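The structure appears below as structure tokens.
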Amino acid sequence: MLFAYIIRVNISVAIVAMTGSSSSNVDVDTYEWDTSTKGLILSAFFWGYLVMNIPAAVIGHSVNNKMLLGGSFACASILSLITPVLVGWGDAPVVVVIRVCQGLSQGFMMPMIHGLLSKWAPPQERARCATYILGGLQFGTMIVLSCSGVLASSSWGWPSIFYFSGGLGLFWVVLWMLLGANSPEAHPFISAAERQFIQRSLPSTARDNVKMAIPWRDILTSGPVWAATLAHIGQNWAMWTILTEIPTYFNKALNYNLSNGGFLTAMPFLLMWLVSFPLSYIADKLIIKGITSVTASRKIWNTVAHWGGAIALIGLAFATDSNMAVVLYTIAVTINCCIYMGFNVNHLDLSPNFARILMGITNGLANVTSIIAPLFVGLVINDETDIGEWRIVFLFSALAYFLGNLAFIILGSGQLQDWNEPNFHHSNNVNTDPKEDDWNGSA
């Protein structure tokens with residue numbers, strides 16, 4: 001997740017340098033791209049990402065998730081490495097094509113990670129496991145936002161941002177192929193005791209050799225699935241607007257230097273990453289001790305993230321003092337870590353056997369907004385120095401948070417769904433031990 005988000009978010013800072021003069025290397029080309037063109041480039045990743053999420057989830061349902069994750073990640077990394085060469089040849093259109101292809105490659109990431117989590121994360125440790133893994137998003141984002149401005153200002157110029165990103169990505173692929181495994185049964189180094197503990201903890205998760213038909217009708221008519229989907233849509237609109245636009249906002253509207261602004265915009269993601277660990281521990285412990293049910297826990301933490309974030313964004317929209325704007329931005333980003341104890345882990349509660357399918361659906365549909373939001377910004381922002389125009393952007397993001405979480409509160413659930421085991425009455429291959437269902441229900 002860390003290296004994936006370095007590759008994904010690098011364009012947010014790089015595009016400022018590519019269209020300015022922040023490099024000390026006068027031989028590095030810069031480009032005259034208007035706001036609409038930049039919005040197109042910033043949204044292009046999500047075109048491919050949107051298209052591939054559901055197909056990737058379906059492919060991953062029957063193909064080794066380790067190999068799919070490693071292969072797709074290698075493609076995204078190589079594309080990052082060759083970006084500086086190709087942009088000099090093809091200008092903005094080639095950047096759009098590269099970003100679309102990277103989106104296609106990373107479309108495998110979230111479904112495969114949830115498929116792997118379904119086989120590796122015991123129910124009583126789900127919030128923590130999801131937080132530890134998905135927390136790489138914040139750490140990767142922090143590295144990009146803090147380092148990219150420095151790299152762009154170096155003698156290597158903005159191309160170094162893409163070399164740095166792609167090189168790290170290929171380094172990870174090597175580590176993953178050596179150390180990763182599709183399941184505890186397939187891992188060469190895991191101890192027998194740990195393997196048995198994980199397997200006993202996941203009675204409602206089918207083993208690698210058990211194949212199940214995907215219950216599409218049940219999934220697509222499930223209220224809890226649509227609750228997670230709508231929460232995911234609200235999350236993507238608001239958070240990806242922040243991720244892609246905040247560097248420009250601080251640089252143009254608040255007059256922060258690119259390199260200083262990089263560190264400034266990165267720090268909230270470090271806080272988000274650090275805060276996520278104790279909060280995920282608390283979330284799991286409250287469920288284990290019976291203080292909150294799984295359903296209540298997911299809704300409470302998601303509300304903290306989304307409605308708390310909405311309040312902060314409304315404040316940011318009307319803040320006239322730059323220091324106050326920084327504080328509100330920091331709050332909005334930091335408390336967003338609570339989604340990992342909210343809707344983002346809910347797929348595993350509803351159906352560990354089809355968690356990758358659920359993530360493919362919710363993430364795929366949610367990323368429609370990741371395309372629309374930057375284009376919306378491009379339409380709204382005619383003058384990047386006009387705080388009044390940015391106010392509209394932040395208010396719409398706050399509204400997306402509010403509506404998404406409202407749907408999650410009304411329709412959401414933490415209960416294991418009946419369609420998790422569609423062959424329950426027809427197959428003896430699936431372990432039907434009720435412990436996990438009891439844990440979801442009684443807790």
Net charge dipole size for segment 22-112 [Lys, Arg +1 and Asp, Glu -1 on Cβ; Debye, nearest 20]: 480
Linear extension gain, residue 375 paired with residue 62, 0.36 nm per residue minus alpha-carbon span: 109.1 nm
Nearest-ten-degree value, helix 258-288 long axis tilted from longest Cα axis of the chain: 10
Highest-first arrangement of 210-223, 355-368, 283-296, 266-279, where packing means the average Cβ count within 10 Å: 355-368, 266-279, 283-296, 210-223
Mean Cβ count within 10 Å, highest first, over the residues of peptides 88-98, 137-147: 137-147, 88-98
Anchor residue 38: lysines whose Cα lies under 20 Å away (excluding residues fewer than 8 positions away in-chain): 252
Tail beyond 29 Å, pair distance distribution of the chain (Cα, percent): 44
Within segment 353-424: Cβ-based charge dipole about Cα centre, in debye rounded to nearest 20 (Lys, Arg +1; Asp, Glu -1): 200
Carbon/sulfur fraction of accessible area - segment 238-381, other protein chains in place, 1.4 Å, %: 72
Helix 192-201 vs. the chain, principal-axis angle (Cα, 0 to 90°, nearest 10): 80
3J(HN,Hα) from dihedral phi, segment 83-93, Karplus parametrisation 6.51/-1.76/1.60, rounded to Hz, x for glycine, proline: 4, x, 6, 6, 5, x, 8, x, 6, 4, x
Integer Hz, Karplus 6.51/-1.76/1.60 couplings in order for segment 159-167, x for Gly and Pro: x, 4, 4, 6, 5, 4, 5, x, x
Dipole-positive endmost among 64, 332, 317 within the chain (Cβ charges, Cα centre): 64
Calculated P(r) tail over 21 Å for segment 80-167, as whole % of Cα pairs: 48
Folded to 0 to 90 degrees: helix 387-411 orientation relative to the chain principal axis, Cα: 0
Cα-based Kirkwood hydrodynamic radius, segment 359-405, one decimal, Å: 11.8
Å² of accessible area per residue within the chain, as computed with a 1.4 Å probe and no ligands counted: 38
Residue among 362, 93, 156 farthest towards the positive dipole end of the chain, charges placed on Cβ: 362
Proximal lysines relative to residue 211, as straight alpha-carbon distance under 30 Å, when same-chain residues fewer than 8 apart are discounted: 66, 119, 435
Table column - 3J(HN,Hα) (Hz), segment 150-158, Karplus curve with 6.51, -1.76, 1.60, x for Gly and Pro: 5, 4, 5, 7, 7, 5, 7, x, 4
Cross-link partners of residue 299 among lysines (Cα-Cα below 22 Å; sequence separation of 8 or more within a chain): 285, 289
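The values are calculated or read from the model by the stated rules, or taken from the named source; none is laboratory data. Everything numeric here is computed off the predicted structure, so don't read it as measured data. Backbone-built Cβ (ideal geometry, glycine too); neighbour counts: all protein chains shown. Note: areas computed on protein heavy atoms with side chains; ligands, DNA, RNA excluded. Shrake-Rupley method; radii C 1.70, N 1.55, O 1.52, S 1.80 Å.
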